[in-house]
1. With labels modelled as points extended 7 Å from the Cα through the Cβ direction, what inter-label distance (nm, one decimal) is found for THR354 paired with THR164?
2. How would you classify region 56-194 from its alpha-carbon gyration tensor, with a ≥ b ≥ c the square roots of the eigenvalues: rounded for a/c under 1.5, else prolate if a/b is greater than b/c, otherwise oblate?
3. Using the alpha carbons of region 396-448, what is the convex hull volume per residue in cubic angstrom, as a whole number?
4. Extending each Cα 7 Å along its Cβ direction at THR477 and SER538, get the distance between those two points in nm, one decimal.
5. Set the bar at 30 Å for Cα to Cα. Now go through LYS55/LYS559; LYS106/LYS154; LYS55/LYS162; LYS466/LYS608; LYS273/LYS430; LYS430/LYS608 and name every pair that lies beyond it.
6. Per-residue counts of other Cβ atoms within 10 Å, averaged by peptide: what ranking do you get for 337-348, 264-275, highest first?
7. From Cα pairs below 8 angstrom and at least 6 apart in sequence, can you work out the relative contact order of the chain, rounded to a whole percent?
8. What is the sum of charges, Lys and Arg at +1 and Asp and Glu at -1, for the other residues whose Cβ falls under 11 Å from the Cβ of ASN540?
Amino acid sequence: MQINLTRRSFLRRSLGGASLLCLPSALFAKYEEEADASANEVVLRFSALSDVHFKKTESKEVGRFRRSMEFMYDYSSKQPYKNFDAMLVAGDMTDHGWDEELLPFKKVMDEGIKEGTATILCMGNHEFNGGNKPRWEDIFERPANKVHDVNGFKFIALSPEKGTCRNGDYLYALDWYAQELDKARADDSGKPVFTFQHYHITPTVYGSRGEDNWGTVDLFETLQKYPRVVNFSGHSHYPINDPRSAWQGRFSAFGTGTLSYFEMGGEGGKFNKFPPGYDRAAQLFVVEVRKDNTVVLKPYDLITETFFDVVYVVNPGNIDKYSYTDERYKTSVPPTWLEGSKAACVDVNSDFATLTFPQASCPDVVHSYRITLEKETGGAWEEFSTQYFWSEYYFQDQPEEMRVELDAASDSTFRAKIVVLNPFFKESEKALEIKFTTPKDELDQTDKNAAAPDANVLDVQFKDGKVVNAAVNGLKTQKEVQTFGKPKIAEVAALGALAAAFNGKDERYKIQFNTREYRKLGNATIAAKFVFKEFGASENMVVFANTQGAGLSLELDSKTKSLEFWASVDGTYQIISAPVEPGKAIEAFGTYDGKTLVLYINGKEAAKKEVTGRLTYPTNESVQAFCIGSDIAEGGSGSNFFNGSVSRARLFSWGLTAEQVENLSK
C-alpha cells in the first residue's frame with residue numbers, strides 16, 4: 001500500500017504486520033487515535049539527541065539545548081500521557097570536555113530539567129579533547145557507563161575508553177555491556193531495551209558504512225544476540241529525517257543528529273560537505289513507548305519548531321518483519337519529476353550559470369540532483385563536468401524550487417542534464433535539459449597558449465622587501481596578501497631571488513578566496529619555488545595550500561622524505577609525490593587538466609596519475625583561503641607550518657602543459 005499525501009511523504013507499508021513503519025504525520029495521527037482508543041496508551045516518553053557542542057563562550061547551541069527541554073515539557077503537557085520521563089544525550093555535549101564547557105552544560109541542564117525527568121548521558125569523543133573520564137564523572141555525579149531504569153525500561157549508557165574515534169574504544173567495557181544486556185533479556189515482558197553510545201555501530205545507520213564510516217565495529221556482534229535492542233548514536237551530525245538514519249538488522253538503530261551543525265555524509269565531497277545553512281541544525285527524536293511495547297520515533301526540528309512529515313514505528317524483536325534493512329538499497333522507489341517540470345537559466349556569467357527548477361518527488365526523500373554539463377565543441381557535445389547539489393531535504397523548510405549555480409567556462413555553449421537521486425542513489429528515469437551560453441571573460445587577458453604564460457589567479461613575489469601579488473587580473477578583484485607573524489624577506493642565494501623565510505611555527509601569508517572565485521579553478525596549476533633545511537619532525541610541512549576537507553596543496557612529507565601534490569578531485573584527495581632533498585632549490589608545479597595530475601620538479605615530470613573529475617575546494621567560508629608557509633585551518637588560522645624560504649607562489653586557472661612548465665622553470 002502506498003499513499004502519496006505530499007511530495008515528501010508516503011506510507012511505506014500498511015499497518016498490518018509491519019514492524020517498522022515510515023509514516024506521514026497525517027496518517028500517523030490516525031494511528032495514534034486508534035491506539036489511544038484501544039487502550040494502547042503511551043507509557044514512556046523521552047527525547048533522544050546528541051552533539052550539542054557547548055563552547056567556552058555563549059553560543060547558539062546553548063539556546064537550542066534550552067529549547068529542546070522547554071519543547072519536550074510543552075509537547076508532553078498537551079498529550080493524553082503528560083510525562084517527559086527522560087532526556088537521552090548520546091555524547092559530545094561539549095567541544096573539548098573542559099570544565100568551562102561541562103559546567104555550563106550541567107547548569108543549563110539542571111535549570112531546564114524538572115523533577116521526574118531522568119537525565120541519561122554518555123561521553124563522546126569531544127569530551128576527551130581536553131577533558132577526561134574521571135572529571136566528567138565527577139561533574140555529572142555518575143559513572144560514564146551506567147544502567148538506568150525509567151518506568152521499568154532499561155537504558156544502558158556506554159562511554160568510550162578514550163576519544164580516538166577508532167575501533168577498540170568500547171572493547172574495555174564489552175564484558176560489562178554483555179552482562180547488562182543478558183540481565184535485560186532475562187525480563188520476558190517483551191519490553192524494548194534502549195542502548196546508546198556516541199559512535200555509530202558499523203555497519204548500521206547513515207554514517208557507519210563503507211568510506212562514509214564514523215562508527216566502530218566493537219558492538220555489532222554483541223548486539224546481534226539482542227533483537228529487542230533499540231540503539232541510539234551520534235557523532236556524524238547527519239540529519240535524522242534521512243531514512244538511512246534508521247536501520248534494522250537483528251536489532252534496531254537510529255542516528256540522533258545534532259543541535260550544532262550538519263556535516264553531510266561521504267557523498268558530501270561531490271556535493272558540499274558543509275552546505276549553505278549547515279549551522280541551521282537542531283534536530284531530536286521524541287520517542288514514545290506504548291503499552292504493547294511499540295516504539296514510536298518522531299523527528300523534530302527545533303529551528304522551525306515543527307515535526308518532520310515522517311514517523312518511525314518499531315516493534316522490537318520481530319526480526320522477520322523488520323523493514324528498514326539493507327534491502328532498501330535494492331528495493332527503494334526511484335524519484336520522479338512532477339509533470340510539467342522545467343528548468344530555467346536565470347543568470348549567466350563567464351564562470352557560472354544559475355539554474356532554477358522545481359523539486360522532484362520521491363517516496364523517501366529527494367536526496368540530491370546530479371547535473372551533467374556538456375560543452376558544444378565543433379558541432380558536437382562533449383562532457384565538461386558532473387556537479388551535484390543537495391535538495392536541502394534536511395531542512396524542515398525545504399525550498400519548493402531549487403536554485404543552483406553551475407561552474408562553467410567563458411565564451412561557450414552548454415547543455416545541462418538534471419537527474420534526481422534518492423538517499424539510496426536510485427535515479428530518475430528522465431532528466432530535465434536546458435541549454436545556455438556564457439559570455440567571454442573580459443577581465444582575464446591571459447594567453448593560456450603562451451610558451452611561458454603569466455599566472456592569472458595568484459603570483460606572489462617579493463619586491464623592495466615587500467610581498468606583492470603580481471597576477472594578471474583573472475579575478476574580479478586583485479587579491480590582497482595578508483601577513484601573519486613576521487616572515488623575513490631577504491635575498492636567498494639558493495633561490496637567486498628575494499624570498500620570505502618562515503619559522504615553521506606561526507608565520508604565513510594568507511589570501512582570502514570565495515566560492516565564486518574557486519569556480520575558475522575546476523582545472524588548475526599550483527606552483528612554488530622554495531628551499532628548506534630539513535624535513536619536519538613528524539607532521540607534513542606545507543609550502544602553499546588551501547586544503548581543509550578539499551583543495552590543493554604542495555607539501556613536504558617528513559616520513560617519506562618527499563614532496564607531495566594534493567588535489568581534491570570530486571571530493572576525494574588524490575596525492576602524488578616524488579623524493580626531494582633539503583638545501584636545494586625546488587621549483588614545483590602541480591597541474592591538473594581534468595584528466596591527469598602531474599607533479600613537476602625543476603621543469604621535469606616527477607609523478608603522474610590519471611584521474612577524471614573536477615577540482616573541489618573548501619565550502620566553509622572560514623577556511624576559503626590559500627596560505628603560503630602553512631595550510632589553512634578551522635576558523636582561518638594556520639597549520640602544518642613551513643620552515644624554509646619561498647621566493648614565488650603562483651596559481652593558474654588551467655593545467656599547464658609540460659612545455660609551459662619547462663619554460664617557466666628556466
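Coordinate-derived values only; no laboratory data. Since the model is a prediction, treat every value here as computed from it, not as a measurement. Here Cβ is always computed from backbone atoms with ideal geometry, including for glycine, and neighbour counts include all displayed protein chains.
1. 5.0
2. oblate
3. Output value, Cα hull per residue: 157 Å³.
4. Each label point is offset 7 Å from its Cα along the Cβ direction, giving 3.9 nm.
5. Correct reply: LYS55/LYS559; LYS466/LYS608; LYS430/LYS608.
6. 264-275, 337-348
7. 10 percent.
8. That works out to -4.
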